[in-house]
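The block underneath contains the structure these notes are about, expressed in structure tokens.
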Amino acid sequence: MNCNEAGALVAAHADDELGGFRRHSIEKHLRSCAGCATKHQGVLALRARLRAEVPYFRAPPALHTRVRAMLADTHAVAPARPRLEPNRWRWLTGGALAGCTATVLAWVVGTAVIDWRANEDVAVEAVATHVRATLNNHLIEVASSDQHTVKPWLSARLDYSPPVQDLADEGFVLAGGRLDTLEKRPVATLVYRYRQHTIDVFVRPEAAHAPSSLRTVRGFNVAYATGAGMDWLAVSDVSADVLSTFVQRLARAAASQ
Amino acid sequence: MSQHPRFEELVLPHLDAGYNMARWLTRNVNDAEDVVQDACVRALTYVGALHGSDGKAWFLTIVRHAFYDWCRRNRPAEIAPDDGTAIDLAIDPAAMDPQQAALRGAESRMLADAVAELPLIFREVLILRELEELSYKEIARIADVPIGTVMSRLARARGLLQRSPLLHAAR
């Protein structure tokens, strides 16, 4: 092995990445070549200094606490979802065995479960999106209390134009908007402030399945309404009745525009 | 069945590794915590799809993704597209805790500063190799580049450190 061949392998050898023949050859070369041996020593010496002098930052107790709190928060809802799948299959299998009537019955039940799951999933996803935006401090991409600023910003980035209302005189102050994805589709998110709370409202063209009314996911309330050809999905930690009234109010106001 | 036991078994043991990486990438205490928390939210969602038991490389991949998403929003200038000309001007003086810096000698401070000043793409492979002691193959998987690129970035990182004026001032 000459220095040209060895040059490329010196670091890999210092990183213990060579085996068998190549390792044997480079070791032999290092014994006979001072230049390459110095390079090899350089990598080892730098490593020794890095490991001795450069701090390894361990997760602070506060982070452990935050992660534990996140786990505790999600505990209530996590077990509910995966259990649904086997149930649906059992229904379908049972239906096939029991004959035509039972099959039809199973189909009806299965469809209901799929619809219900779709709602469940979109609520869970909306809450996850809300939490992520809050934790990252990434709630607002276009900050404005003026609906005529927020609406064109959103319309320019989506294939639909979400109605935007300011309900400041009822206590819901428009703070701005951002883009998210919900069920793999880009969606307009309007951000409102209500007293000390933040409310995210996901606005998208009306989906095929009719949304159910109100759910609680990981301690957040999720309320739906439809109006003006749109689905309105609000996520917040404000009380369920306030949130539900607010989202219906938004949808009605949009419809009457 | 809940994903929590899998998360606790496969991800939580690597929280330190995730934080260390996020800390060296963001060079800031609070930002590192935010990135790791975001990574944990993602890891909890996808831990069901994790086959095998190599939670460390898997979690570090997620931390890295979370970091780059964070970086695109907060420090887009830092993501340099090109290996050869990447210049990192964003030097965060708060790369170390004040008390940590005080505990260590001026010399250590110099080396840590030199690492913190490495351009992002070199810093990440160096941290994964020298502090996390991962193999080229694992680093290639985490950084989503071929092994050859890992080797050239590592060589570049070492070269930059060995030539760093900070390091020589310390000697």
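The values are calculated or read from the model by the stated rules, or taken from the named source; none is laboratory data. Here the structure is a predicted model, which means the values were calculated and not measured. Positions of Cβ are generated from backbone atoms using ideal geometry, with glycine treated the same way; all protein chains shown enter the neighbour counts.
Just one of the numbered conditions (1) more than 11 Å from chain B (Cβ to nearest Cβ); (2) surrounded by 13 or more Cβ atoms within 10 Å (Cβ to Cβ) is not true of A:Ala34; which one?
Condition not satisfied by A:Ala34: (2).
Sort out which residues of the range A:37-61 are farther than 30 Å from A:Met1 by Cβ and more than 7 Å from chain B (Cβ to nearest Cβ), and write them in order of number.
A:Ala52, A:Pro60, A:Pro61 - these are the residues of the range A:37-61 that are farther than 30 Å from A:Met1 by Cβ and more than 7 Å from chain B (Cβ to nearest Cβ).
I want to confirm something. Restricting to the range B:4-19 and keeping residues that are more than 10 Å from every other protein chain (Cβ to nearest Cβ) and surrounded by fewer than 16 Cβ atoms within 10 Å (Cβ to Cβ), which single residue is farthest from B:Phe67 (Cα to Cα)?
Selected residue: B:Pro5.
What about B:Tyr46, is it more than 20 Å from A:Pro60 (Cβ to Cβ), modelled with pLDDT of 90 or more, outside the structural domain of B:Lys137 (by TED's automatic domain parsing) and of a type in the set (Phe, Trp, Tyr)?
So B:Tyr46 does not fit the description; no.
Just to confirm my filter: which helices (runs of 4 or more DSSP H) fall fully inside the range B:57-148 and include at least 3 residues that are away from chain A (no Cβ under 11 Å) and modelled with pLDDT of 55 or more?
Result: B:120-126, B:136-143.
Take A:Asp231 and decide whether it is of a type in the set (Asp, Glu), in contact with a helix residue (DSSP H, G or I) (Cβ under 6 Å, 6 or more places away or on another chain) and surrounded by 21 or more Cβ atoms within 10 Å (Cβ to Cβ).
no
Failed condition for A:Lys151, given (1) under 30 Å from A:Leu71 (Cβ atoms); (2) surrounded by 13 or more Cβ atoms within 10 Å (Cβ to Cβ), with all others met?
Unmet for A:Lys151, out of (1) under 30 Å from A:Leu71 (Cβ atoms); (2) surrounded by 13 or more Cβ atoms within 10 Å (Cβ to Cβ): (1).
Looking at the range A:22-41, which of its residues are assigned to a helix (DSSP H, G or I) and more than 51 Å from the chain's Cα centre (by Cα)?
Answer for the range A:22-41, where residues must be assigned to a helix (DSSP H, G or I) and more than 51 Å from the chain's Cα centre (by Cα): A:Lys28, A:His29, A:Leu30, A:Arg31, A:Ser32, A:Ala34, A:Gly35.
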